[in-house]
Amino acid sequence: MDELKKRNVLIVDDVPKNIQVLGSFLARENLQIAYATNGEEALELATSNQFDLFLLDIMMPGMDGFQLCDKLKADKRTADVPIIFLTAKTDPESIILGFELGAQDYVTKPFNASELIARVRTQLELKEKTRALKELNKSLEEKVKQRTADLEFANQQLSRLEKAKSEFLTIISHELRTPLNGIDGLAGLLNETLLDSEQKAYLSHLSATSKRLSRFTEMALLITSLRSRNQKVDLFHVSLDILIEMAIDEMEYTINDKELVIEFEPNTNHIQVLGDADLIRRCISLLIENGAQNMPSKSRMVLSIEDNKKTTTLVVKHNHIIFSPEMLEQFAVYSPEDKLTITENLNITLTAVSLIMHVHDGKLQLSNDSNQPCSSLKLVFNKQAG
């Protein structure tokens, strides 16, 4: 019974003989015993010393055990110390009152030594386990607090790195755009001078290369912004028909250069989707550009809108197979949240489109149809309530 050693127990009873008997029982258990013969003395001892258990007689003159229990539980210095009532009263009302006032147990007089020791031991062990649990909780709270602080610091570091990366890409983009704009301007001026057909061909190739590099720069910046969640997305109801027509106008040079046939019949219902108009227009422009890059001259591209209760889908169909099996396979498992390397099979254009659709809670779907033969891309917008 060494585990009960050095525990302090206060016995409160107005009958000295009872204190003597209890003290002899508990002394054998290596407990430190203090005693009081009335409630006022007990209260003074309890609040000026540290005890692990109170044994209170109920029937005492002046302040009885119930009143003393109530005062001990009301004082934060003694509120957590377990109380066992010592009583000759076994009526249910007295027992219930004791528990309601906060006592943990009771022992009836006359005392049975084995029962008393067992109940004392139980309450002391429970108090020790409660104390250990509180210390563990405190330790865990401190660890959680430290972990939270570490995570906040790490998030701040990541935020600074993301900001630095965005600023760096912005600088790079600006440094690339400035000379490219100069090249475009000079090409425009040269195009107005007298040039032979070979020189005009070189000039046209130079201008196309410059525009392609400029668009690549914009694409890289867009992908980085979307992945780092710095791209602000303003969602409004926008007309999909109008955005398609704007994208076709924007890509007029590419369409004419490849002599593409673009077919689009605006929907009479003026279907709208919830999204960022600029980003959706970019999506459509990128899909037209992707088709132009992967199809021969004079190919046909058909744009149409499918609408149902749950989704609105823009379908872009090419009259050629433009997706390799490897690309379809890799794109099927690609997630915009993945940090996959952009390869030949997962090109930068479709990666950008997929990211744009992801921030709209939509998706990009690719497919081939060898029977026609043709390839299709679908921008699927989920309809949101309200």
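Go through (1) in a helix (DSSP H, G or I); (2) in the same structural domain as E29 (by TED's automatic domain parsing) and name the single condition Y106 misses.
(1)
Assuming S376 fulfils every condition listed in (1) touching a residue at least 60 places away in the same chain (Cβ under 8 Å); (2) assigned to a helix (DSSP H, G or I); (3) among the small types (G, A, S) apart from one, which condition is it?
The single condition S376 does not satisfy is (2).
Here is a yes/no grid of residues against (1) at pLDDT below 90; (2) of a type in the set (S, T, N, Q):
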site	(1), (2)
D13	no, no
V21	yes, no
S24	yes, yes
Y35	no, no
N49	no, yes
L53	no, no
K73	no, no
T78	no, yes
I96	yes, no
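When the residues of the range 42-74 are filtered to those that are closer than 16 Å to G23 by Cβ and over 50 Å from the mean Cα position of the chain (by Cα), which remaining residue is surrounded by the fewest Cβ atoms within 10 Å (Cβ to Cβ)?
That would be L45.
Among the residues of the range 172-203, write down those that are of a type in the set (D, E, K, R) and part of a helix (DSSP H, G or I).
E175, R177, D184, E198, K200 - these are the residues of the range 172-203 that are of a type in the set (D, E, K, R) and part of a helix (DSSP H, G or I).
Conditions: (1) assigned to a loop (DSSP other than H, G, I, E, B); (2) at pLDDT 90 or above. V233 meets all but one. Number of the miss?
(2)
Hey, any hits in the range 83-90 for a residue that's loosely packed, with under 15 Cβ neighbours inside 10 Å, over 49 Å from the mean Cα position of the chain (by Cα) and in a loop (DSSP other than H, G, I, E, B)? Give the derivation first.
In the first step, residues of the range 83-90 are kept if they are loosely packed, with under 15 Cβ neighbours inside 10 Å; the result is 88, 90.
Then drop every residue that is not over 49 Å from the mean Cα position of the chain (by Cα), which leaves 88, 90.
The next check asks that each one be in a loop (DSSP other than H, G, I, E, B); those that pass are 88, 90.
Scanning the range 83-90, I find at least one residue that is loosely packed, with under 15 Cβ neighbours inside 10 Å, over 49 Å from the mean Cα position of the chain (by Cα) and in a loop (DSSP other than H, G, I, E, B), so the answer is yes.
Within the range 9-39, restricting attention to residues that are of a type in the set (D, E, K, R) and surrounded by 13 or more Cβ atoms within 10 Å (Cβ to Cβ), which residue is farthest from D75 (Cα to Cα)? Steps first, please.
Initially, the range 9-39 is screened for residues of a type in the set (D, E, K, R), giving 13-14, 17, 28-29.
Filter once more, so that each one left must be surrounded by 13 or more Cβ atoms within 10 Å (Cβ to Cβ): 13-14, 29.
Values: D13: 21, D14: 23, E29: 28 Å.
The selected residue is E29.
Of all residues in the range 62-81, which are in contact with a Gly (Cβ under 9 Å, 6 or more places away or on another chain) and either part of a strand (DSSP E or B) or touching a residue at least 40 places away in the same chain (Cβ under 8 Å) (or both)?
G65, L68
Please work out if T130 is among the hydroxyl-bearing types (S, T, Y) and surrounded by 12 or more Cβ atoms within 10 Å (Cβ to Cβ).
yes
Select from the range 102-127 the residues that are surrounded by 14 or more Cβ atoms within 10 Å (Cβ to Cβ) and among the polar types (S, T, N, Q) and list them in ascending order.
Result: Q104, T108, T122, Q123.
With farther than 30 Å from N256 by Cα, surrounded by 10 or more Cβ atoms within 10 Å (Cβ to Cβ) and outside the structural domain of T349 (by TED's automatic domain parsing) as the only criterion, which of D184, D150 stands out?
Only one candidate passes the filter, namely D150.
Taking the range 302-325 as the search range and keeping residues that are part of a loop (DSSP other than H, G, I, E, B) and within 35 Å of the chain's Cα centre (by Cα), which one is surrounded by the fewest Cβ atoms within 10 Å (Cβ to Cβ)?
Here the answer is K309.
The values are calculated or read from the model by the stated rules, or taken from the named source; none is laboratory data. This one's a predicted model, so the numbers in the text were calculated from it and none came from an experiment. Note that we place each Cβ from the backbone using ideal geometry, even for glycine, and neighbour counts take in every protein chain shown.
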